[in-house]
1. Can you tell me the relative contact order of the chain? Whole percent, Cα pairs under 8 Å, sequence separation 6 or more.
2. For the chain, take the longest principal axis of its alpha carbons; what is the angle in degrees between that and the long axis of helix 255-266, to the nearest 10 within 0 to 90?
3. Order these by the 10 Å Cβ neighbour count, fewest first: 336, 63, 167.
4. Measure nothing but the geometry: give the 0 to 90° angle between the long axis through the Cα atoms of 99-112 and the longest principal axis through the Cα atoms of the chain, rounded to 10°.
5. Which value in deg cm²/dmol, rounded to the nearest 500, describes the helix-derived mean residue ellipticity at 222 nm for the chain, given -39,500 (n - 2.57) per DSSP H run of n ≥ 4 and division by the residue count?
6. Using a ≥ b ≥ c from the Cα gyration tensor of the range 284-342 (square roots of the eigenvalues), is it rounded, prolate or oblate, where a/c under 1.5 gives rounded and otherwise the larger of a/b and b/c decides, a/b for prolate?
7. Contour minus end-to-end for residue 42 and residue 342, with contour as 0.36 nm per residue of separation and end-to-end as the Cα-Cα distance?
8. Take the Cβ-Cβ distance between residue 195 and residue 57 as r, set R0 to 51 Å, and report the resulting FRET efficiency rounded to the nearest 0.05.
Ligand SMILES: Nc1nc2c(ncn2[C@@H]2O[C@H](COP(=O)(O)OP(=O)(O)OP(=O)(O)O)[C@@H](O)[C@H]2O)c(=O)[nH]1
């Protein structure tokens, strides 16, 4: 019999209290009797499934969840997460899973501990153990913005940048899989556009300086005008989306390490605090790191391949074109057997 069943209700609730009250305070019986506990229908245990069958995942999404996140080399950070929580349903006849048990386990994670690989494993364990007879797989997905202090390029200023992070933990086939996703925004200047702009600058020079010997000071002045640099290449705000599968041995998340590695390789991440000297350095970095989306994807792939703590990875690079109204996109995976697919 379920703990909320009829017999347990009688045993636990007001019957015993009623007798005590009656003997000791017969004149106060009406007032002192605790309210009778209601017997509530328990559909999950009593109702029949409309159609029998097992299900791969059942649970909840868009759960609002404040969390304290622990990540390598960073102070613990309070984030506002959106969570998804799932278990499978192995009993084809059971009406449903117990949503409240998943919710309360998540709430405990939010209130009593910090987010680490260990606490996530504990959470999945709770999901399964609270669905002993119904489930043998569990999954949780957490999305939040993770703020990092970023330094300016030259001026020594610092500012905040928010990185969209997603953490997924799955218990399936008796093993836990942990995935960390992050998105890094950067600027990409089109190499084709840069070459075409250079050609226009050369033509403009040829028209302006027809003689074979030119005056250095005149050229220097001319280069500082709009006519001197007659064309500029287009650049676009671009986003690299990364998903890495962490090695089983990972004892901590390393969001900062992943973001640093990606931004150092791409060279032109969008900036937080910017003074003029920073903007000029940004222009130089853009000019010296011209990138198609293929270049950016290869750079990101190279960085991810170097990190041995990533059992697998998937990446998608999006260049939100300013020349076109459509985007340029590259996708790649590590390429291991039974791994992520592009
Ligand atoms: N399984 C299931 N529950 C749902 C769904 N939509 C809402 N719920 C509600 O989720 C609530 C929590 O369910 P349970 O976890 O079984 O609640 P409970 O019976 O109070 O908790 P336990 O005693 O631990 O089983 C119920 O009130 C359901 O009505 C759904 O699509 N499926």
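The numbers here are math on the coordinates, done by the rules we state, and not lab data. Just so it is clear, the model here is predicted, and its values are computed rather than measured. Don't worry about glycine lacking a Cβ; one is built from the backbone with ideal geometry, like all the others, and counts go over all protein chains shown.
1. Computed over the chain, the figure is 14 percent.
2. 20
3. 336, 63, 167
4. For 99-112 against the chain, the angle is about 60 degrees.
5. It comes out at -10500 deg cm²/dmol, rounded to the nearest 500.
6. It is oblate, given that a/c is not under 1.5 and a/b is not larger than b/c.
7. Here the answer is 103.6 nm.
8. With a Förster radius of 51 Å, E is 0.55.
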